[in-house]
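**Student:** Below you will find the structure I want to go over with you.
The values are calculated or read from the model by the stated rules, or taken from the named source; none is laboratory data. The structure displayed is predicted, hence computed values, not measured ones. When we count neighbours, we look across all protein chains shown, and the Cβ atoms used for this are built from the backbone with ideal geometry, even at glycine. SASA here: full protein model, heavy atoms, side chains in, ligands and nucleic acids out. Shrake-Rupley method; radii C 1.70, N 1.55, O 1.52, S 1.80 Å.
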Amino acid sequence: MRNALILFSIIVSLICLSFGDVPMTVNYQGKLFDASGGPIDGTRAIGYKVYDDTNDNGWGAADPVGWQQAPVNVSISNGLFSDKFDFSSGYQGVYNFGLLFNSGHNLYIEVYIGPAGATTFGECVAMSSPEQFRSTPYAFYASNAINIANLQSGTADDQTLRWNNTALQWQHSDALTNDGTNVATSGDLTVSGNDI
């Protein structure tokens, strides 16, 4: 059983090491139609703005822009296009990634479409009222979930962490330690479920 636990720990460690930084991009797809309802073909400039609903009352013209991505040329075929949001830059005013996506407010995205070659929002037209942004961009914040700001004082090397939902903090546990070679427990270890 001890060998199985050590093997499991090694596998989990290797898996964790194989992941690099989380890319700060999100895929976005859409479909564009002309005024008569036919699909658009060709190239158009497409840009985006994300608004912070600071009053939590739905999008309004007074809501500040927290992030924007200037229009760039995007290929469109039979009305379909694929683009990406790059959240590594583009923050406006006091906003940064953490402040925008961890504000607790609803966020709204507005899509701008312009002629091929347009590079400013002034050359483009907002497609409709902004739509509420859903959960995918919020997942980026998870890459910061374990950091020095939310670790309990006294946390040290070789300790295993556990989440304390009451304190909203990661806390150390001396019940299970891992020095990189050996996994040890300070009491009985119970494993249930599938065999390893």
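**Student:** When you scan segment 60-99, how many residues do you find that are assigned to a loop (DSSP other than H, G, I, E, B), over 22 Å from the mean Cα position of the chain (by Cα) and either surrounded by 17 or more Cβ atoms within 10 Å (Cβ to Cβ) or of a type in the set (Val, Ile, Thr) (or both)?
**Tutor:** Total satisfying the criteria: 0.
**Student:** Based on what the data block shows, is residue 104 closer than 17 Å to residue 24 by Cβ, open to solvent by less than 80 Å² (accessible area, probe 1.4 Å) and small (Gly, Ala, Ser)?
**Tutor:** When the stated conditions are applied, residue 104 does not pass them.
**Student:** Run down 60, 47 and say which single residue is within 24 Å of residue 97 (Cα to Cα) and in contact with a helix residue (DSSP H, G or I) (Cβ under 8 Å, 6 or more places away or on another chain).
**Tutor:** Exactly one of 60, 47 is within 24 Å of residue 97 (Cα to Cα) and in contact with a helix residue (DSSP H, G or I) (Cβ under 8 Å, 6 or more places away or on another chain), namely 47.
**Student:** Something else now. Just to be sure I understand, how many residues within segment 24-37 are part of a loop (DSSP other than H, G, I, E, B) and in contact (Cβ under 8 Å) with a residue 12 or more places away in the chain?
**Tutor:** Number of matching residues: 2.
**Student:** Let me ask you something else. Name, by its number, the condition in (1) at pLDDT below 95; (2) of a type outside the set (Val, Ile, Thr); (3) within 20 Å of residue 124 (Cα to Cα) that does not hold for residue 44.
**Tutor:** Condition not satisfied by residue 44: (1).
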